[in-house]
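Contents: one structure, followed by commentary.
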Amino acid sequence: MYMKKILGIVLAGAMLTSCGKVEKYSNDYGSANFLNVVPFSPPPPGSPAVTMRVFEDTLMRTASNLSYRGSTGYLAFSPGTKTIQLRSSADLSTVFAEAISQEFAYNKASTYLVYDTVNNSTGRAKIARLNDTLTLPAAGFVKMRFLPLAKFAPAVDVTLVLTSVTPADSITFFNMGYIGENPTQAELDALSSFRSMPIGNYALRMKFAGTQTLIAAPLSLSAATLTGTGGSTGISSLYIAGTAKEQPLSVGIQRHYP
């Protein structure tokens, strides 16, 4: 069953594009970006999909709904200790994910990953916080990290092959297994880290870890997707999601800057 879901990545098409809106963070505040990869059960025909809103303590911080594979862009948080909640957009009270005692500091940015599925006993999904170091890369480079958020996917080796120059260059993220139920701070720090790579067009090749067996046909990742409208730099997270609640394995990219 899971192999069928894994092979569903082929249906995503040959070109990856960035999803979610991008907003610059402010040096005068702490900042947080929310990426939702909780695959709720597909709604009945004609019914709206389940979406979320972000709350800071009791204050609603997002005016629009956060959908599956959507993101908020960076929201400014005044320094201090906060409780962060992801609540149902339908009633604004049902809590799907919560992070208590969250410290926000000046000139610090984070990404909150809302992942896994909603637990039947607690009614909550998992939430994890990554530290975003948004220092720009050197001229002619972008920064990238890989986030394994597909619950039932096997560990993978993800190679990005630079196809716009000869000879081709590449970087590989090795043995990337699912983030897990309760990742340690060391594991979150490792996932938070970005790697530099030259600006250009890439072929994304995803293999079963430690093998040469492709999970799906290579996907194309354009320089424009990596750099946005500026065309001169960029910081992004590449991730896989799905494999639960009837969702196929799929690839997404969240651009943090510009």
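Where a number appears in this text, it was derived from the coordinates with a stated rule and is not lab data. Keep in mind that what you see is a predicted model, and the values were worked out from it rather than measured. Counting neighbours? That spans all protein chains shown, and the Cβs are built from the backbone with ideal geometry, glycine included.
Loop only per DSSP, at most 16 neighbouring Cβ atoms within 10 Å: give me the GluC sites (Glu not before Pro) in the range 176-258, ordered by residue number.
Working: sites: 181, 187, 246; in loops: 181, 246.
In loop regions of the range 176-258 (DSSP not H, G, I, E or B), the sparsely surrounded GluC sites (Glu not before Pro) are 181, 246.
Under a straight-distance cross-link criterion of Cα-Cα below 20 Å, which aspartates and glutamates are reachable from residue 245, leaving out those fewer than 8 residues away in the same chain?
Residue 245 reaches 116, 181.
Using the basic label-point model (7 angstrom from Cα toward the beta carbon), what is the residue 138 to residue 172 distance in nanometres?
Taking the two extended label points, one gets 2.3 nm.
Just subtract the alpha-carbon distance of residue 47 and residue 94 from 0.36 nm times their residue separation and send over the number in nm, one decimal. List each step's numbers first, then the result.
On the way: separation 47, 0.36 × 47 = 16.92 nm, distance 1.85 nm.
Here the segment from residue 47 to residue 94 would lengthen by 15.1 nm.
Once you put a point 7 Å from the Cα of residue 101 and another 7 Å from the Cα of residue 195, both along the Cβ direction, what distance in nm separates them?
3.5 nm
Toward the positive end of the charge dipole of the chain, about the Cα centre and with charges on Cβ (Lys, Arg +1; Asp, Glu -1), which of 199, 134, 147 goes farthest?
Selected residue: 199.
Would you list which aspartates and glutamates come within 17 Å of residue 207, measuring only between C-alpha atoms, while excluding same-chain residues fewer than 8 positions from it?
157
Taking the Cα centre of the range 2-257 as origin, sum charge times position over the Cβ atoms of Lys and Arg (+1) and Asp and Glu (-1), and report the length of that vector in debye to the nearest 20. Walk me through the intermediate numbers first.
Values: 21 positive and 15 negative charges, 82 e Å.
It works out to roughly 400 debye.
Can you tally the net charge around residue 178? Count Lys and Arg as +1, Asp and Glu as -1, for every other residue whose Cβ sits under 13 Å from the Cβ of residue 178.
-1
Report the residue, chosen from 159, 122, 51, that carries the largest GNM mean-square fluctuation when the chain is represented by alpha-carbon nodes joined by springs under 10 Å.
Answer for the Gaussian network model of the chain: 122.
Given that compact globular proteins tend to follow 2.2 N^0.38 Å, what is the ratio of the alpha-carbon Rg of the chain to that value?
On the way: Rg = 17.9 Å, N = 258, 2.2 N^0.38 = 18.1 Å.
Computed over Cα atoms of the chain, the ratio equals 0.99.
Cross-link candidates for residue 82: which aspartates and glutamates have Cα within less than 13 Å, leaving aside residues fewer than 8 places away along the same chain?
Reachable aspartates and glutamates: 56, 57, 98, 103.
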